[in-house]
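Asks: Structure incoming, see below.
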Amino acid sequence: MKTLYTRIVLTVFMILLLSGAIALLVSNIAYHVWWQPTYSEKTEQTAQAALDYFETHTDGEASAFYALLAQTGYQLLVVRPDDDIDRYGGSFRDESLDADIIASVQDGERYDGMRSYPFHLFWLGLFDNEVVNTYGFSVDGNEGTDAVFIRPDLSAQIRELHLFVGLFFALLTGLAFILIALSTSLIVRPVRTLTEATRSVASGARPLNLPTERYDEIGTLARRFSDMVDSLEKSEGERRRFVSSVSHEFQTPLTSIKGYASELVIRTEGDARNYARIIHDETERLSDLTRQLLLLARLDESNVSLTESVDISASIKDVIRRHAFQLDEKGIAVATDLDETLVVTGDSLLLAQVWTNLLTNAIHASDDGGLITIKAYAADRPTVSIEDDGVGMDEATQARLFERFYKGDASRTGRGTGLGLAIVQDIVRLHGGDLTVESRLGKGSVFYVRL
């Protein structure tokens with residue numbers, strides 16, 4: 001994908017190239033329409049003046065006259081009466097010329113190839129060094145009548161300028177490229193800053209160093225963006241306070257409902273008991289949801305103290321013991337390979353919540369009689385992996401796995417709230433770590449926690 005910087009540089013160079021092509025085309029048209037007849041007329045006048053000089057000041061020695069004319073800045077092609085060809089001045093790129101034209105010039109007619117030279121789209125006729133692009137006349141010398149074709153020797157006239165012109169265009173191209181690159185970088189820099197700011201906002205951080213002090217469109221955009229971030233932070237703060245307040249207020253009535261439902265399960269029979277059990281289970285699920293929402297609100301406020309020394313091995317073993325009933329109920333075995341010396345600084349309750357959520361997730365995903373493997377080891381960072389041999393996940397599910405309230409495949413998540421893995425990710429990030437997953441559909445999954 002091309003960056004804005006690359007696009008601007010390429011666009012400027014394309015504009016320069018297009019402008020150069022258009023300028024060359026317009027100049028060529030102007031030369032062909034207005035200047036070519038004048039240029040041909042001047043060459044004709046020079047040829048006539050030279051011919052008059054030859055007839056009045058020489059003794060018919062044509063070769064010396066041709067050499068003298070070449071020294072004045074012209075190139076000549078002379079066809080002798082015996083069809084031999086002599087060249088004076090610079091050589092022609094193409095010496096082909098119709099024999100009838102040569103014969104007519106030797107018979108005394110004039111040839112004006114410069115005036116009738118055809119138009120070429122991107123090639124200026126002035127510089128086309130061909131014999132057909134000359135002015136032709138006859139010279140009666142001591143050895144007979146010669147057909148002389150003459151044109152200005154531009155290569156001789158501008159030879160001294162070649163080095164200067166070459167250096168000029170080399171410097172022009174190099175400096176243009178450097179200045180375009182530098183100026184484009186300065187133009188694009190605030191756009192890159194705004195791009196990084198959008199990424200910061202997307203990751204939950206407040207962007208810094210926005211170019212709000214500028215008094216142009218970029219500055220206006222930066223100020224509007226900053227105002228938008230302030231508004232989003234205000235709305236997000238209100239949302240978090242609302243969720244926290246509502247979740248907290250729900251806890252007390254849910255506890256009461258669950259208590260009465262438990263009592264009804266004991267005291268009733270038949271359909272009434274089934275209804276009471278449903279009320280109890282759904283109340284338990286809502287209570288779990290409110291607890292997780294309260295935990296998320298606590299994590300969002302980032303007021304957690306991470307000062308404890310947490311024994312990873314002991315923490316994981318304690319979580320496994322607390323899930324012994326669920327594991328036995330499905331006949332799931334747990335294999336562990338834990339580094340007993342692994343200690344990190346953090347919050348023991350939050351890290352226990354990480355192992356709890358990941359283990360619960362693995363239990364839900366595993367079939368009866370499955371195997372869950374838990375490892376804790378010191379790589380470049382303390383790492384914990386929890387692997388199951390359950391249903392696995394496709395790539396679409398993995399892409400959204402850590403979104404809040406995303407449940408994915410019901411066969412993996414059961415009747416969960418869709419908050420468990422989001423909570424795990426927030427806790428791990430709070431500890432400066434990262435959470436990743438490797439999974440194949442039908443082959444199981446492995447979650448890696450690097451602290």
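The values are calculated or read from the model by the stated rules, or taken from the named source; none is laboratory data. What you are looking at is a predicted structure, and each value in this text was computed from that prediction instead of being measured. Heads up, the Cβs are rebuilt from the backbone with ideal geometry, glycines too, and the neighbour counts pull from every protein chain shown.
Asks: Does Ile102 satisfy the criteria of being in a helix (DSSP H, G or I), surrounded by 13 or more Cβ atoms within 10 Å (Cβ to Cβ) and not hydroxyl-bearing (Ser, Thr, Tyr)?
Replies: It is true that Ile102 is in a helix (DSSP H, G or I), surrounded by 13 or more Cβ atoms within 10 Å (Cβ to Cβ) and not hydroxyl-bearing (Ser, Thr, Tyr).
Yes or no, residue by residue, for (1) buried (at least 21 other Cβ atoms within 10 Å of the Cβ); (2) more than 24 Å from Leu401 (Cα to Cα); (3) at pLDDT 90 or above:
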{"residue": "Phe325", "(1), (2), (3)": "no, yes, no"}
{"residue": "Leu338", "(1), (2), (3)": "no, yes, yes"}
{"residue": "Gly346", "(1), (2), (3)": "yes, yes, no"}
{"residue": "Leu349", "(1), (2), (3)": "no, no, no"}
{"residue": "Ala352", "(1), (2), (3)": "no, no, no"}
{"residue": "Thr360", "(1), (2), (3)": "no, no, no"}
{"residue": "Ser366", "(1), (2), (3)": "yes, no, no"}
{"residue": "Lys375", "(1), (2), (3)": "no, no, yes"}
